[in-house]
Each structure stands twice: as C-alpha cells, then as structure tokens.
Amino acid sequence: MPDFNKVLETGDVDSGVINTVVEISKGSTLKIEWDRKRAAFMLDRVEPVIFSKPCNYGFIPQTLDDDGDELDTLIVTEEPLPTGIYLEVNVLGVLEFEDDSEMDHKVVVVPADDRNNGGMIKTLDDLGERWKEQIVHHFTHYKDLKKPGSTKVLGWGDKAKAIEIIKECQERFSK
C-alpha cells in the first residue's frame, strides 16, 4: 500500500479542487482509519448500526488538523465509495466540529466529475437543509454510547472558510 501522504498531492487548494482518500464507505459501521506510520488502513472499531456513516468519509493528503490526524472529508455521492480509492473533488464548505475539546473539521466535497448531478452541487446550500440536519445529528450523537457529550457541532463554513482551513492544515503537515 502506498503512503498517500508521500505520493498524493493535496491538489489545487486555491481553486477548491483537491484530492481525497476514502476511509469509510457511506452506510458502513466500520470505523476505518488511515495509519500514516504504517501506511495502511486499520479497522479501529465496529460502530452500532444506528451510527452508520451518512456519507462517504475520507481525508485530504498532506494535511494535519488540530487533532493530529489528516483533515477529514465528507464525500457526497449517491453510491458508497470503497475504502482506499482516491478521487479529485470540489470543495463546498466545512463542518466546524469539536471532538474531545479538539477541533476536528470536516470538509464537505463532491466528485469533480459527477455526471449524475451535472455539476449542479456547487455550495453547501445545494445539498439542502435536511442533508445538513442529518450530518449535524450524526456528529452530535455518534459517540453517545461510548462517551456522551464529547462531540460538539459548532456550525458550517463556506468554501472560502474550508480553503482557509485546508491551508492551515497543509502548513501544520509541513512542520
């Protein structure tokens, strides 16, 4: 398995077209994480069915968020994407999220070449309020059985905010 942080670039952050690597498929209860020390995916735990992922979940290569992990992505597609693939995506915005008192941002993205939606999804608002409510609910409650109250959704940021966060995480990675 290649080390994504060595062979895969972040992408063109200024334009909002970046690369992301899939860790967890939409609908999965498997909490799979990228282990950068071993350059491999690891099954961290199996979650209860009620906490299955509402969308594909991944990370942006060559970034580090405040929590010490790669910057997370929420990849919006109609179909689940398999673990380990990478794809070029368009940045829509960011979920500002706190986990155990550490910032753990989630950059919301769509495939750069999504012929089902014909490029119609360009902003978070294009996903609809219901989608955003489901994401907020998931991240507010997904640790309730393990550690209630340890997560907090702080709100949504637009594409410009997401790009700012990606750049901060690139800087942290390079140090």
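Just so you know, all these numbers are worked out from the coordinates, no wet-lab data involved. Being a predicted model, the structure only gives us computed values, none of them experimental. When we count neighbours, we look across all protein chains shown, and the Cβ atoms used for this are built from the backbone with ideal geometry, even at glycine.
Brief remarks follow.
- Calculated FRET value between SER150 and ASP125, using beta carbons and R₀ = 30 Å, to 0.05: 0.55
- Distant-in-sequence amide H partners of ASN56 (H built 1.01 Å from N, under 5 Å): LYS26, ILE75, THR77
- Cross-link partners of LYS175 among lysines (Cα-Cα below 27 Å; sequence separation of 8 or more within a chain): LYS6, LYS37, LYS106, LYS159, LYS161, LYS167
- Annotation for the range 1-92: trypsin sites (Lys or Arg not before Pro) lying in DSSP loop with at most 14 further Cβ atoms inside 10 Å of their Cβ are LYS37, ARG38.
- Approximating the spin labels as points 7 Å out from Cα along Cα→Cβ, the THR140-to-ASP12 distance works out to 3.8 nm.
- With 0.36 nm allotted per residue and the present C-alpha distance subtracted, the ASN116-VAL46 stretch has 22.1 nm of extension available.
- Rounded to the nearest whole Hz, the Karplus-based 3J(HN,Hα) values (6.51 cos²θ - 1.76 cosθ + 1.60, θ = phi - 60°) of the range 54-60 follow the sequence x, 7, 5, 10, x, 9, 9, with x at glycine and proline.
- With at most 15 neighbouring Cβ atoms within 10 Å, loop GluC sites (Glu not before Pro) (DSSP) excluded, longest segment of the chain: 79-175
- Mean Cβ count within 10 Å, highest first, over the residues of peptides 104-110, 150-156: 104-110, 150-156
- In range of the label at ASP66: residues from the range 121-156 whose backbone nitrogen is under 17 Å from the point 7 Å along Cα→Cβ: 140, 150-156
- Report summary: the helix-based calculation at 222 nm, which adds -39500 (n - 2.57) for every DSSP H run with n ≥ 4 and divides by the residues of the chain, gives -5500 deg cm²/dmol.
- Here the range 4-174 carries DSSP beta bridges of which approximately 90% are antiparallel, counting only pairs with both residues inside.
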